[in-house]
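Please read the structure below before turning to the comments.
The values are calculated or read from the model by the stated rules, or taken from the named source; none is laboratory data. All of these numbers come straight from a predicted model, not from anything done at the bench. Virtual Cβ from ideal backbone geometry, glycine too; neighbours counted across all protein chains shown. Surface areas here come from the heavy atoms of the whole protein model, side chains and all, with no ligands, DNA or RNA. Shrake-Rupley method; radii C 1.70, N 1.55, O 1.52, S 1.80 Å.
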Amino acid sequence: MKNRTSFSILLIALLLLPMSCKNEHNTSPKESSDASISQSHPKLILTTKGVKDIRAQLGSIPIFDQTLEKVKAEVDAEIANGIEVPIPKDYSGGYTHARHKQNWFILQKAGVLYQILDDEKYAEYVKDMLMQYEALYKTLPLHPKTRSYARGKLFWQCLNDANWLVYVSQAYDCIYNYLSEEERDKLETNLFRPFADHISIDSPQFYQRVHNHSTWGNAAVGMIGLVMDDQELIDRALYGIKGLNLDKNKKDDDGGFLNKDGKAGFLANIEEPFSPDGYYNEGPYYQRYAGYPFLIFAEGLHNVKPDLKIFEYKNGVLLKSINALLNLSDADGDFFPLNDGQKGMSYYTSALVTAVDISYKFGGENPGLLSIAEKQNSVLLDDTGLAVALGIKNGKSIAYDKKSINLSDGPNGKQGGIGIMRNNDLELVFKYAAQGSSHGHYDKLSYSLYERGEEIIQDYGLARFVNIEQKGGGNYLKENKTWAKQTIAHNTVTQNENSHFNGNYEIGSKYHSDLHYFSSENKNIQVVSGKEENAYPGTNMLRTMALVKDEDFENPYLLDIMRVTSTAVNQYDFPYYYFGQIIQTNFEYKTPQLLKPLGKKNGYQHLFVEASANISNANSKFSWLNNRKFYTLTTITSNNDKIFFTRIGANDPEFNLRRDPSLLLRRNAKNTTFVSIIEAHGSYSPVTESATNSKSSIKVLNIVYDTKDYTAISVENVKGKTKLFITANKNASAEAKHRVEINGKNYEWSGSYYFK
């Protein structure tokens, strides 16, 4: 009996042995000799230590547990529906495009679930789909849609192929040890290496430049290189393709230049677009888009190649960029639509979940970030998400404090910038930046104004219906160039109906505006001033904007001074893109029977003239109602000025543009100074049908002194109280001492401006 029992135990052990080998995922003797590599996975984003820590905390970290349940339900539903890897044929928004895009997300999530839940069904699902992609990819020619400057194979552009590989490399890392050596070799030989080669070596016009597209390409090649332990791919990602001869002056279809100044690769894409403050020159919309590959690849490099110290590169600019991006959002978390930017994109996007979690983990565990994570109500299912979840669980969250901030532009911070001023519920965004690469607009010294996240004076943003196939395949529409990028589409001066730099990208890329001064220390008055000397040959512009909190006004108001000096008489057009319904004006206007465009080109062809007025008032006032709030524009005018009420939509037969209104002030002069104040005041209740404080508090707005050295503005309110603002037009340093006589009275002060 004893011998029979021993035999049974031995038999069971022998029967279990193959099963044990299977649980180790068919690890062959040859593979075991390279155990140092096979045992290191996952290592890219989710790490072996992270998996252990997460499993130990599961069930006790609410935001992480909740995110895990959502992801599990999503992936389980996809598994139940079966795998679909269709032959590519569509543009953005089309079925095959959307299916492959969904696949890359699901693959990444399924890989993470396999590691956290230790459930082989997820690994098997990832393996099966990757094998289908391996079978498909080696048969694919270039994508049948030919519009892109760099065609992919799975997608119509290499950019989306790179998106796919960034996510799928994470999935591959998670199931690396689940696969046999033979299976890994098959995937790497027939899918991953050819994929990486196509978006880099085969597509240098996509890969070899400084642009958000290239950042995705660099990250894709580098991340799969890190998983495969392929140093050649890692170097190609970091430094670009060496020994490749390209025409540096050849422009691609997206507006960028190939191999600009010989710089390419991931490090060049950190070095060039980011200023030392973390501002990304293409603007927040594209910083959000490029932010994911920047940060996720950086995290992979940090985990796998810690000696690179990637988060310390360029004085830690990648982590600084997250703080900059969060400050480039309004009170609701929507990013300001600088340059090409779709309105409504916000820090609720998944890319910002990544940014917040990585910033918290690697940037010093700023407790303010936890409050944004709580609003996002989601975390990454990895080491960084665990850190955030534990921080929230342990009660460390405090409100993220967005203050007034000045963000420099350019790799050395010497190419202008963005000034953001916040006072109570008002937010002013003042742009005095460089061109912004191919996504830049011709809008030097432009601005937008917000109240509690609502636009008072808007920037149009981009002309595109992203991923809506019916509208140009979801891509940029021709109106983006004919309208959205043109100067007249922005709240700044247009001269002689020509855009800044004549709307020429090459010229615009040579120049930038400059900061005159920025002052935000005084909570009652914050001022930003910028100058532009190259937008129009022979014309200089100096714009000074102040958010003023005055006890005699209900809310802070915006004072705007645009000083224009030129060598010739010009026509200057100065628009205000407001929202809402007209309440009152102090000037008479005429409405035409037939709507006609304001002009023929440079954006003017898209503006209908709905009314016009010849001005005879020293102050022209315009009041409107929007979102139950009253606003009034008071602007200094002269007898020769004209005002137009315009509306976007002329010469737009496909209705690609929004039908937004504006008021436009036109003046013919050589040298002139535009001065205006915008007040937010009062409210209207449709329930009680009552209006409170519906009228302006300003009685008179005057220019009382205006020379090359100083401009002085007096503001008299309806109570008869007068305040004087003086700005230094030349020496505006904080230490400068000034003395000026105005109307027989001497004014002395130190610093950039005087206000009393």
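Rank Phe362, Gly599, Ala324 by how far each Cα sits towards the positive end of the charge dipole of the chain (+1 on Lys, Arg Cβ; -1 on Asp, Glu Cβ) and give me just the farthest.
Among Phe362, Gly599, Ala324, the one farthest towards the positive end of the dipole of the chain is Gly599.
Could you give the nm distance between label points at Ala568 and Glu533, where each point is 7 Å from its Cα heading toward the beta carbon?
Calculated label separation equals 2.1 nm.
Relative contact order (percent) for the chain, with alpha-carbon contacts under 8 angstrom and 6 or more residues of separation?
Over the chain, the number comes to 8 percent.
For the chain, what is the mean residue ellipticity at 222 nm derived from helices alone (per DSSP H run of n ≥ 4: -39500 (n - 2.57); sum divided by total residues; nearest 500 deg cm²/dmol)?
-10000 deg cm²/dmol
Kindly identify region 604-667 as rounded, prolate or oblate by the Cα gyration tensor criterion: order the square roots of the eigenvalues as a ≥ b ≥ c, call it rounded if a/c is under 1.5, otherwise compare a/b with b/c, prolate if a/b is larger, else oblate.
Oblate, since a/c reaches 1.5 and b/c is not below a/b.
Given labels modelled 7 Å from the Cα in the Cβ direction, how far is it in nm from Glu610 to Lys756?
For Glu610 paired with Lys756, the spin-label model returns 4.5 nm.
Given R₀ = 45 Å, FRET efficiency for Asn693-Asp65 by Cβ-Cβ distance, to 0.05?
Taking R0 as 45 Å, the efficiency between Asn693 and Asp65 is 0.40.
For the pair Glu232/Glu551, report the inter-label distance in nm, with labels modelled 7 Å from Cα in the Cβ direction.
According to this spin-label approximation, the distance is 7.5 nm.
What angle, in degrees between 0 and 90 and rounded to the nearest 10, separates the Cα long axis of helix 158-175 from the longest principal axis of the Cα atoms of the chain?
40 degrees
By per-residue mean of other Cβ atoms within 10 Å, what is the highest-first order of 525-533, 395-403?
Ranking, from highest mean packing down: 525-533, 395-403.
Relative to the present Cα-Cα distance, how much length would full extension add between Ile703 and Ala736 at 0.36 nm per residue of separation?
9.6 nm
Going from most exposed to least, what order do Leu380, Leu179 have by accessible area with a 1.4 Å probe?
The most accessible residue leads, giving Leu380, Leu179.
Could you calculate the FRET efficiency of Asn668 with Lys719 from 1/(1 + (r/R0)^6), where r is the beta carbon distance between them and R0 is 25 Å, rounded to 0.05?
Details: r = 36 Å, r/R0 = 1.44.
Using R0 = 25 Å, I get an efficiency of 0.10.
With a 1.4 Å probe and every protein chain left in place, tell me how much accessible area Ser408 has, in Å² to the nearest 10.
Answer for Ser408: close to 20 Å² accessible.
Heavy-atom accessible area of Ile201 with all protein chains present, probe 1.4 Å, nearest 10 Å²?
80 Å²
Amide H neighbours of Gly599 under 5 Å, at least 5 residues apart or on other chains, H built in the peptide plane: list them.
Answer set, sorted by chain and number: Gln605, Leu607.
Using 0.36 nm per residue of separation minus the Cα-Cα distance, give me the extension gain between Leu140 and Asn467 in nm, one decimal.
115.4 nm
Among Val715, Leu701, Val740, which residue has its Cα positioned farthest towards the positive end of the charge dipole of region 688-740, with +1 placed on the Cβ of Lys and Arg, -1 on the Cβ of Asp and Glu, and the dipole taken about the Cα centre?
Val740
Nearest 10 degrees, 0 to 90: what angle lies between the long axis of helix 95-117 and the longest principal axis of the chain (Cα atoms)?
For 95-117 against the chain, the angle is about 60 degrees.
Hey, can you grab everything whose amide H is under 5 Å from the amide H of Asn570? Only 5+ residues off in sequence or another chain; H modelled, so Pro and N-termini drop out.
Excluding prolines and chain starts, which carry no amide H, the hits are Ala669, Lys670.
Between Glu312 and Gln102, what's the calculated FRET efficiency when r is the beta-carbon distance and R0 is 22 Å? Round to 0.05.
0.05
For Phe608, tell me the accessible area in Å² from a 1.4 Å probe, rounded to the nearest 10.
So the heavy atoms of Phe608 present about 60 Å² to solvent.
Farthest toward the dipole's positive end in the chain, which of Ile201, Thr384, His211, given Cβ charges of +1 (Lys, Arg) and -1 (Asp, Glu) about the Cα centre?
Farthest towards the positive end: His211.
Which order do Glu282, Glu454 take when ranked by solvent-accessible area (1.4 Å probe, heavy atoms of all protein chains), largest first? Write out the running numbers ahead of the final one.
Numbers: Glu282 0, Glu454 85 Å².
Heavy-atom accessible area, descending, gives Glu454, Glu282.
Would you mind checking the tilt of helix 2-23 against the longest principal axis of the Cα atoms of the chain, expressed as 0 to 90 degrees and rounded to 10?
40 degrees
In debye, nearest 20: dipole of region 562-667 around its Cα centre with unit charges on the Cβ of K, R (+) and D, E (-)?
It comes to approximately 100 debye.
Quick one: pull the percent of accessible area on the chain belonging to carbon and sulfur, 1.4 Å probe, ligands and nucleic acids left out.
48 percent
Leaving ligands, DNA and RNA out of it, rank Ile643, Ile87 by accessible area with a 1.4 Å probe, largest first.
On the way: Ile643 5, Ile87 125 Å².
Greatest to least solvent exposure: Ile87, Ile643.
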